[in-house]
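Nothing in this text is a laboratory measurement; each read-out follows from the coordinates by a stated rule. Worth saying up front: this structure is predicted, and the values here are computed from it rather than measured. Backbone-built Cβ (ideal geometry, glycine too); neighbour counts: all protein chains shown.
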Amino acid sequence: MINITILGATGSIGKSTLAVIDLYNKDFNVFAISANTDHKQMLDLCNKYHPKYAVMADADAAEKLASTVSVDTQVLSGTKALDDIASHTDTDYVMAAIVGSAGMSSALAAAKAGKRIMLANKESLVLAGDIFIEAVKTNNAELIPVDSEHSAVFQCLQSGTSGLNKIQLTASGGPFLHTPIEKLKNITPDEACAHPNWSMGRKISVDSATMMNKGLEVIEAYYLFNLDPGQIDVIVHPQSIVHSSVYYQDGSTLSQLGNPDMRTVIAYALGYPQRINSGVSAINLAKNSPLEFYQPDLDKFACLKLAFEALNKGGSAMGTINAANEIAVDNFLNNKIKFLDIPEVIEKTLDASIHSAPLSLKEIVDNDINSRQIAQEIINSYV
Ligand SMILES: NC(=O)c1ccc[n+]([C@@H]2O[C@H](COP(=O)([O-])OP(=O)(O)OC[C@H]3O[C@@H](n4cnc5c(N)ncnc54)[C@H](OP(=O)(O)O)[C@@H]3O)[C@@H](O)[C@H]2O)c1
C-alpha cells in the first residue's frame with residue numbers, strides 16, 4: 001500500500017487525484033490531506049478516506065473541522081503542519097497541488113525528505129527552481145510533473161535527451177484566442193475563467209486567459225528539463241489534444257496526445273514507470289480533426305512575453321513576475337482592476353524591482369513579499 005499525502009485536496013487537481021485513487025483503493029492509501037479554508041469539503045473527505053492527518057492552513061477553519069470531524073483523523077493547522085505531512089516518514093508520495101506561492105514550502109519539504117513529488121504547483125519551480133532541483137538531487141527525491149505539457153515532455157524524453165534540439169509547449173490560447181485586443185478591456189472574471197477545454201481553479205483559469213500560465217510553464221520547463229531558455233518554444237493549439245512535443249536533431253518530433261483531462265497526467269505520476277488506468281477514454285483523432293497550430297501573439301498576450309523576459313533576466317525576476325501576477329489576478333478576480341491591467345501591473349513591478357540571483361530561501365521569500373507590496377502599490381495608484 002502506498003501512502004499519499006494530497007496538498008490542496010479540495011482543489012481541482014486534488015479532486016482529480018482522489019478520483020484516480022478511487023480506482024485503486026487496494027494500492028493507494030490517502031494518508032494526509034490539506035486545504036486552506038474549505039472545512040466542509042474536508043469533512044466529507046475525512047469521512048470518506050479516514051486520513052491520518054487533515055491540515056487546514058487557516059486556523060479558524062481547522063477549529064471548525066476539528067469540532068465536526070468524528071473519524072479518527074488528527075486535525076492540524078498552519079504552514080508548518082503542511083511541511084510536516086509532506087515530509088512525514090509514513091508519506092510515500094506527495095501530490096503538491098496547493099495553488100500559488102503558498103505551495104512552495106511544503107513541496108520543498110517533500111523534496112528534502114526524498115519523497116516522490118507529483119508536482120502540480122509550478123510556482124515552487126518559478127520561485128525557487130535552483131534550490132528545489134538541488135533538494136531533489138541531494139535527497140534522491142523523484143520529481144514527476146503534473147502539468148499536462150510537462151508530463152508530455154517528460155513522457156517523450158523517456159529515452160533520454162541525446163540529440164534534443166528543443167521542446168515545444170502547447171498552449172490552448174484560452175478563451176480569448178480569437179478576441180481582438182480592444183475587446184479584452186471589459187472582460188469579466190467569469191468570462192476569463194470560462195476555459196474552452198480545461199476545468200480548473202479560478203487563479204490558473206485567469207492565468208490561461210492571459211497566457212501567464214504558459215509563461216510560468218516555460219520557467220517550469222527550464223528547471224525540470226535543465227534546458228537553455230532558447231530551447232523552449234510555445235505554440236498555440238486550441239484543441240488541447242497535442243500536449244507538447246520534443247524536437248530532435250535528426251528531424252524527428254515526438255508528441256504526446258490525449259483528451260484534455262488531468263486524470264491522465266495524475267495517473268501517469270502515480271503509476272510511473274507503469275501506466276495505469278485513469279478513467280479517461282482514448283482520443284478519437286478522426287472526431288477531433290482538424291488540429292490547428294498558431295504562433296502566439298506576444299502583443300496581445302504580453303504576460304507570455306514578460307515571462308520569457310524574466311527567464312532571460314534570471315534569479316529573482318522570476319519570483320517577481322509570479323508575485324506581481326498573483327496580486328494582479330487576485331485584484332482582477334475581486335473586480336478591483338481590469339483584465340488588461342494584469343500585464344501592465346506585472347511589467348511595472350518588474351521595472352520597479354532590483355533583480356539579483358536569490359541564493360537562500362529567505363531571500364526568495366523577501367523578494368516575494370517586496371514584489372507583492374510593489375504590485376499592490378501600483379494597483380492602489382489606479383483607484
Ligand atoms: N487545475 C489544473 O488543471 C492544473 C493543471 C496544471 C497545473 N495546475 C497547478 O496546480 C496547482 C493547483 O491548481 P488548482 O487548479 O487545483 O487550484 P484550486 O482548484 O484553486 O485549488 C487550490 C487548492 O489549494 C488550497 N489552498 C489555497 N490557498 C492556500 C493556502 N494559502 N495555503 C494552503 N492551501 C491553499 C485550496 O484550499 P481551499 O479549497 O480551502 O481554498 C485548494 O485545496 C496550481 O499551482 C496550478 O497552477 C493546475
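Return Tyr222, Tyr268 ranked ascending by Cβ neighbour count within 10 Å, so the fewest neighbours appear first. Could the numbers behind the result be given before it?
Working: Tyr222 21, Tyr268 25.
So the ranking, lowest neighbour count to highest, is Tyr222, Tyr268.
Net charge within 14 Å of Leu359 by Cβ-Cβ distance, Lys/Arg positive one each and Asp/Glu negative one each, not counting Leu359 itself?
Around Leu359, the surrounding residues sum to -3.
Once you sort the root eigenvalues of the Cα gyration tensor of the chain as a ≥ b ≥ c, which label holds: rounded (a/c under 1.5), prolate (a/b larger than b/c) or oblate (the other case)?
rounded
Between the stretch 174-232 and the stretch 1-72, how far is it from one alpha carbon centroid to the other, in angstrom?
If you average the Cα positions of each part, the centres end up 29 Å apart.
Taking θ as phi - 60°, what are the ³J(HN,Hα) couplings along the stretch 10-23 by the Karplus curve (6.51, -1.76, 1.60), each to the nearest whole Hz, with x for Gly and Pro?
After applying 6.51 cos²θ - 1.76 cosθ + 1.60, I find 8, x, 4, 5, x, 5, 5, 5, 5, 5, 6, 4, 4, 7 Hz.
Which entries in Lys40/Lys348; Lys15/Lys348; Lys15/Lys183; Lys80/Lys115; Lys48/Lys115 show an alpha-carbon gap greater than 29 Å?
Lys40/Lys348; Lys15/Lys348; Lys15/Lys183
What are the lysines whose alpha-carbon lies under 22 Å from the alpha-carbon of Lys166, with same-chain residues fewer than 8 places away excluded?
Lys122, Lys214, Lys305, Lys313
Taking neighbour counts of Cβ atoms within 10 Å as a proxy for exposure, in what order, fewest first, do Thr320, Thr89, Thr37 appear?
Numbers: Thr320 29, Thr89 7, Thr37 15.
Arranged by neighbour count, lowest to highest, Thr320, Thr89, Thr37 become Thr89, Thr37, Thr320.
In a shell of Cβ-Cβ distance under 15 Å around Glu123, excluding Glu123 itself, what net charge do Lys and Arg (+1) and Asp and Glu (-1) give?
Values: positive: Lys122, Lys203, Lys214, Arg372; negative: Asp130, Asp147, Asp207, Glu217, Glu220, Glu326, Asp330, Asp368.
Every neighbour counted, the sum reads -4.
For the chain, what does the relative contact order come out to in percent, with C-alpha contacts under 8 Å and a separation of six or more?
Relative contact order for the chain comes out at 14 percent.
Please say if the stretch 314-383 is rounded, prolate or oblate, where rounded means a/c under 1.5 for a ≥ b ≥ c the square roots of the C-alpha gyration tensor eigenvalues, and otherwise the choice is prolate for a/b larger than b/c and oblate otherwise?
It is prolate, given that a/c is not under 1.5 and a/b is the larger ratio.
Dipole of the chain, Cα-centred, from +1 at each Lys and Arg C-beta and -1 at each Asp and Glu C-beta, to the nearest 20 debye?
With only Lys, Arg, Asp and Glu charged at Cβ, the dipole is about 600 debye.
Determine which aspartates and glutamates satisfy two conditions relative to Lys362: a Cα distance under 15 Å, and not lying fewer than 8 residues away in the same chain.
Once the sequence-local aspartates and glutamates are set aside, what remains near Lys362 is Asp130.
Residue by residue, what Karplus-based ³J(HN,Hα) values in Hz, rounded to whole numbers, does the stretch 331-342 have, using 6.51, -1.76 and 1.60 with θ = phi - 60° and x for Gly and Pro?
Along the stretch 331-342, the couplings run 5, 5, 5, 9, 6, 8, 10, 8, 4, 6, 6, 4 Hz.
Suppose a student asked you for the relative contact order of the stretch 314-383, using Cα pairs under 8 Å spaced at least 6 residues apart; what percent would you report?
48
Go through Leu18, Asn47, Leu127 and say which Cα lies farthest out towards the positive end of the charge dipole of the stretch 2-145; charges sit on Cβ, +1 for Lys and Arg, -1 for Asp and Glu.
Leu18
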